[in-house]
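Written out below as structure tokens is the structure these notes cover.
The values are calculated or read from the model by the stated rules, or taken from the named source; none is laboratory data. Everything numeric in this text was worked out from a predicted model, so none of it was measured. Reconstructed Cβ throughout: ideal geometry from the backbone, glycine too, with neighbour counts over all protein chains shown. Remember, those area values only see protein heavy atoms, side chains included, never the ligands or the DNA or RNA. Shrake-Rupley method; radii C 1.70, N 1.55, O 1.52, S 1.80 Å.
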Amino acid sequence: MPETIEQNATQSLKVIDALDTDIIVTVQTQLAPLYDKYPFLADDYFGVPLANILAATLVFFLILGLRKLFTKIILVFLQNLAKTTKTYYDDRVISALKGPIRFVFVIIAIHLFFLLTFSEPEIIKNILDTLLVYTLFWAILAIIEALRELVYNATSKFNKDLSKEMGNFIITMIKILVGGMGLAGMLMVWGINVTA
């Protein structure tokens, strides 16, 4: 029986589940010798072995460190590369995406923390999926804002005197549309049928 649009949309929004890539098995394999060598690491705190809590905390801060490294190296490299082009739109887009990209690292760090402590209930998955959808639409809105001058240039071909007003109106309408789609996506994560 063919699946409905709602089922396809809900399944595609479960992005967080795809991020684990068997990390639990890998980490538990690495932690097993530590339990034998240091038995106190197997002590449970809130139902989680101490070694898992320590590993989860270490991974959390490692991902946050990678966020800073990514920002300092990759984004600075891309900004320097964009400065060599003739337009400045690519510079603005890269600068606009800095915040959303950095926030994705925080989401991944939180997901891995809960994954390693075996305490990722459905509500945490829904919150993280909602944050991912939010970040995606934040990035889209940031790109739209970064390309504001491009819209002004396009509207000035119709009427130079009203180019800013027309451009602002077009950008506002696009932002409302994108924001509505983002809100619909976030509601779908929580099982609310917005397609009806």
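Only residues that are basic (Lys, Arg) and under 21 Å from the mean Cα position of the chain (by Cα): list them for the range 142-165, please. Selection gives nothing.
Selection over the range 70-119 of residues that are in a loop (DSSP other than H, G, I, E, B) and open to solvent by 30 Å² or more (accessible area, probe 1.4 Å) gives a count of 8.
On the given criteria, is Thr135 in contact with a Pro (Cβ under 8 Å, 6 or more places away or on another chain), assigned to a helix (DSSP H, G or I), surrounded by 13 or more Cβ atoms within 10 Å (Cβ to Cβ) and among the polar types (S, T, N, Q)? Criteria met by Thr135. The single condition from (1) part of a helix (DSSP H, G or I); (2) within 21 Å of Leu147 (Cα to Cα) that Leu66 fails is (2). Restricting attention to the range 138-165, the residues that are within 28 Å of Ile108 (Cβ to Cβ) and open to solvent by less than 50 Å² (accessible area, probe 1.4 Å) add up to 5. Taking each residue of the range 84-104 that is within 9 Å of Ala139 (Cβ to Cβ) and looking for partners that are open to solvent by less than 50 Å² (accessible area, probe 1.4 Å) and among the charged types (D, E, K, R) with beta-carbon atoms closer than 6 Å, six or more apart or interchain, yields nothing.
In the range 166-196, of all residues being over 20 Å from the mean Cα position of the chain (by Cα), open to solvent by less than 60 Å² (accessible area, probe 1.4 Å) and among the aliphatic types (A, V, I, L, M), the one that is nearest to Ile124 (Cα to Cα) corresponds to Val194.
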